[in-house]
Amino acid sequence: MPTVIALDVSLSMSRFAVTHNFNQNNEPISKRQLAIAAINQFLDHISAHCKLEFLALLTFSSECRMITESFTRNVDTIRDLLENLEENDNTNYEAILSGIVSAVLKQWSNTLPVEILLITDGSPGYGPGCLRDAIENAKPFPFPTKMNILSLSDPDEKNYTENIKMLHQLIEMSSGEGAVYLPENHLTSKGLSSAVARLCAKDFTPYKGLLRCGKLSSKITLCPPPQPYMSRSEEKRYDISEIIEIIGFIDLNDLASPSAHSRHLLLPLKATEAQLSSNGEPTNIEEEGDGSVPNFCVLLHGSLKVENFCAICEVGPEW
């Protein structure tokens, strides 16, 4: 799943935090420095747990700029680019919304789900493109998306509650899904790190489960991780089970082109990876052997391709 990192580089991001964070040299840290540290923490998580994720870095002030040449899996490239970002003038939220659309549609189709991480100080800005204008003129993204906003704001700042409320409205009007993540208590390095950890735990935890067919089984991961399905008519939530059971097979010619709720790449899980469930808790799935042991998932992929068949699976109870 592509992920867009959108960083506010307006002048307000150069202000020091209200609670005065200090670096190793006892110098005050700006909001921009805190934001870069937060992005690096996010990149650490991606490189460790979501290696197949494609990332793009965009910055915005009065205009939007795409810093990476395209979406990339090379997190080191993004880290290097973060060290040479230029500061600009005022904040234009409309510019970043349109910039995200252009960047995504330039490389991906409008059916692929996209994650957006927008990092800002929460300042609504002024003039054309300010937060109020962006909310009034916002249109839903032309592709499925979830937009999370990491706000580097402090409760002691002026209009704090109103600004956070408008950020929620921006998510509702443009994406419909997502949340505003705030540092715990006050804006500190520790509080911001906790907010990033909550974001990663909720939306960037890899799925790890077991694919089973009779007595054959294999530990697997799904990329991107499957999200719960919310039934509006029944007001009920359906979750993907940690055990996916193959209950039959069908010829691809008979299957034709069925509608899909979501699409995922199914891969065998390395035995050396930690056993975590979709919510980050340890699972009771037994450890497999090393790479020298034949893997059922690899066998299944090859067999289905040769026979031109598709496996029918039960992904959870009452689906």
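The values are calculated or read from the model by the stated rules, or taken from the named source; none is laboratory data. Everything quoted here is computed from the prediction, not taken from an experiment. Here the Cβ positions follow ideal geometry from the backbone for every residue, glycine too, while neighbour counts run over all protein chains shown. The accessibility values were calculated without ligands, DNA or RNA, using every heavy atom of the protein model including side chains. Shrake-Rupley method; radii C 1.70, N 1.55, O 1.52, S 1.80 Å.
Of the solvent-accessible surface of segment 139-243, computed with a 1.4 Å probe over protein heavy atoms with every protein chain present, carbon and sulfur atoms account for 51 percent. Between the alpha-carbon centres of segment 189-224 and segment 245-262 there is a gap of 25 Å. Pairs of alpha-carbon atoms within less than 8 angstrom and 6+ residues apart define the contacts here; what relative contact order does the chain have, in percent? Computed value for the chain: 15 percent relative contact order. Kirkwood radius for segment 152-207, taken over all pairs of different Cα atoms as the inverse mean of 1/r, rounds to 12.4 Å. Peptides 309-318, 93-102, 170-179, ordered by how many other C-beta atoms sit within 10 Å of their residues on average, highest first, read 93-102, 170-179, 309-318.
If the convex hull of the alpha-carbon atoms of segment 92-155 is projected onto planes in all directions, what is the mean projected area in square nanometres?
Working: hull surface 18.4 nm².
For segment 92-155, averaging the hull's shadow over all directions gives 4.6 nm².
Surface listing: ASP8, ASP44 arranged by accessible area from highest to lowest gives ASP44, ASP8, probe 1.4 Å.
Evaluated at 20 °C with a viscosity of 1.002 mPa s, what Stokes-Einstein diffusion coefficient in µm²/s does segment 177-220 have when Rh comes from the Kirkwood expression over alpha-carbon pairs? Intermediate values should be presented prior to the final figure.
Working: Rh = 13.1 Å.
Result for D is 164 µm²/s.
Test of the criteria: in segment 202-231, which trypsin sites (Lys or Arg not before Pro) are in a DSSP loop and have at most 11 other Cβ atoms within 10 angstrom of their Cβ?
Details: sites: LYS202, LYS208, ARG212, LYS215, LYS219; in loops: LYS208, LYS215.
Taking segment 202-231 and a limit of 11 other Cβ atoms within 10 Å, the loop trypsin sites (Lys or Arg not before Pro) found are LYS215.
Percent of alpha carbon pairs in segment 36-88 separated by more than 15 Å? Intermediate values should be presented prior to the final figure.
Working: 634 of 1378 pairs.
The answer is 46 percent, as a whole percent.
Pairwise inverse Cα distances across segment 66-183, averaged and inverted, put the Kirkwood hydrodynamic radius at 15.3 Å. Summary value for segment 75-168: 34 percent relative contact order, contacts being C-alpha pairs under 8 angstrom separated by 6+ residues.
Could you state the accessible area per residue of the chain in Å², with a 1.4 Å probe and every protein chain left in place? Walk me through the intermediate numbers first.
Working: 17110 Å² over 319 residues.
Roughly 54 Å² per residue, with all protein chains present.
Put simply, the Cα atoms of the chain extend 62, 43, 39 Å along their principal axes, the longest span coming first. What separates the Cα centres of segment 125-155 and segment 53-81 is a distance of 19 Å. Average projection, convex hull of the Cα set of segment 1-129: 8.5 square nanometres.
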